[in-house]
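The structure appears right after this line, and notes come after that.
The values are calculated or read from the model by the stated rules, or taken from the named source; none is laboratory data. Keep in mind it's a predicted model, so treat the numbers as computed, not measured. Neighbour counts run over all protein chains shown; Cβ positions are idealised from the backbone, glycine included. All accessible areas refer to the heavy atoms of the entire protein, side chains included, with ligands and DNA or RNA removed. Shrake-Rupley method; radii C 1.70, N 1.55, O 1.52, S 1.80 Å.
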Amino acid sequence: MSEVRSVVGHDDMFGRRIREQWAGLSGRRLDVLMAGCGRADPLDLGRVEARVTGIDEDLPVLRESTSARKDLDSWTLGDLRTVPVPPRAFDVVYVSFLLERLDHPELVLDRLLTGLRPGGLMLVRMRDRASAYGTCDRLLPAPLRRLLWRRFAPKDAVGPLPARYRPVTSRQGMHSFCLTRGLMVTDDASCRSGPALKGRLAGLVAFACSAVEKLSRGGLPASHDEIIMVIRNPHSHFARVI
């Protein structure tokens, strides 16, 4: 059964699961795939020996930020529906704020799963389409979103990136995806981390999110905008979450 809770950040959850994964492999090197490497969101690997490979879309802003990273052993940018992902090559797949900006996130997730070894972990961070923040982000017209980005987002934020928010980018959507693929959700948490909530006009953004929550009668909560999940690929293909 998955653990659902609110957290301040993702580091403790991911760090604990990574250390457990490393210990279970008798301390051999972990092979890590970072999907969404264009955003500066490194994994805290601590003392774990790991080789980190990055992939992301081939957009100018992502190429610039990826090339500046020092924590990747190798990286590839391109169409994530076709970018090479070696089968059963990774112990951990880290999906960082990627799914909400893709037109076909399920296809990309399925490709990433082919690269995950049996017993491996998929660590997911995504913006929640069913939150007040996610709703504002996905409904804002793209030209206006680009115009307002620098005014609302912190100066070091990478973007603006596309805002697609397909149904899988929600708690219910991701749980349904995992159920149909025989994946086990071991941790499920949420927090507030939206870039616009950290910029100069954070108060205005928080007010807008609160208004959306009230107008939706609580259906679109302002209490969080990010979903954090740890998903395990079972050793047995017949394993199912009940």
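Tabulated results
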item	result
Farthest toward positive dipole pole in the range 1-160 [+1 Lys/Arg, -1 Asp/Glu at C-beta], among V93, L144, L80	L144
Measure of compaction for the range 1-95 (Cα Rg per 2.2 N^0.38 Å)	1.15
³J(HN,Hα), Karplus 6.51/-1.76/1.60, whole Hz, each residue of the range 45-57, x for Gly, Pro	8, x, 9, 6, 6, 8, 10, 10, 10, x, 9, 6, 5
Contour excess over end-to-end distance, with Cα ends at R164 and H104 and 0.36 nm allotted per residue	20.7 nm
GNM result for the chain, Cα springs below 10 Å: residue of V83, V108, V185 fluctuating most strongly	V83
Lysines with Cα under 26 Å of K155, excluding same-chain neighbours fewer than 8 positions away	K70, K198
Debye intensity ratio in log₁₀ form over the Cα atoms of the range 94-171, taken at each q of 0.18 Å⁻¹	-0.79
Net length gained if the chain between R63 and D11 were fully extended (0.36 nm per residue, minus Cα distance)	16.2 nm
Ranking by accessible area, most exposed first, for R47, R200, R81 with a 1.4 Å probe	R47, R200, R81
Correct option for semi-axes √(5λ) of the Cα gyration tensor in Å [calculated from the coordinates] among (i) 31, 17, 16; (ii) 41, 18, 16; (iii) 29, 21, 16	(iii)
Inter-probe distance in nm under a simple model that places probes 7 Å from Cα toward Cβ, at R217 and H235	4.9 nm
Descending principal axes extents, the range 132-242, alpha-carbon based, whole Å	50, 32, 21
Loop-located trypsin sites (Lys or Arg not before Pro) in the range 145-187 whose Cβ has at most 16 other Cβ within 10 Å (DSSP)	K155, R164
Kirkwood-Stokes translational diffusion coefficient of the range 73-132, alpha-carbon pairs, 10 °C, 1.306 mPa s, µm²/s	128 µm²/s
